[in-house]
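Input: a single structure, listed below in structure tokens.
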Amino acid sequence: MFFDSNNFIYRLRLASEISDLEESIEIHKVKIDELRRQKKDLFGNQRNLEKFAREKYLMKKSNEDIFVIVDAEVNSDEKND
């Protein structure tokens with residue numbers, strides 16, 4: 001047997017790493033498909049886009065008022081950190 005940089009143990013580690021990376025690729029492909037679907041739903045309808053802007057970024061129309069209700073327990077937990 002010869003001991004060099006391409007020994008059996010090294011090849012096993014590489015095979016394991018390749019397998020992990022291929023699984024990661026599949027997971028990311030699923031996430032990308034889900035995000036594309038969400039993007040299509042969001043930008044495909046003006047009402048959905050307005051709802052997203054209102055909920056996520058607290059945007060409003062000029063003749064509206066926004067009231068943000070904050071849970072007291074969540075607020076006290078953030079102050080303790």
**Asked** Which is touching a helix residue (DSSP H, G or I) at 6+ places or on another chain (Cβ under 7 Å) and among the acidic types (Asp, Glu), of Asp20, Asp41, Asp4?
**Response** Asp41
**Request:** Considering every residue within the range 3-12, establish whether at least one is within 15 Å of the chain's Cα centre (by Cα) and over 30 Å from Ile69 (Cα atoms).
**Result:** no
**Asked** Filter the range 16-40 for residues that are at pLDDT 95 or above and of a type in the set (A, V, I, L, M); which is nearest to Lys51 (Cα to Cα)?
**Response** Ile32
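The values are calculated or read from the model by the stated rules, or taken from the named source; none is laboratory data. It should be emphasised that the depicted structure is a prediction, and the values quoted were computed from it without experimental measurement. Please note: Cβ atoms are built from the backbone with ideal geometry, for glycine as well, and neighbour counts cover all protein chains shown.
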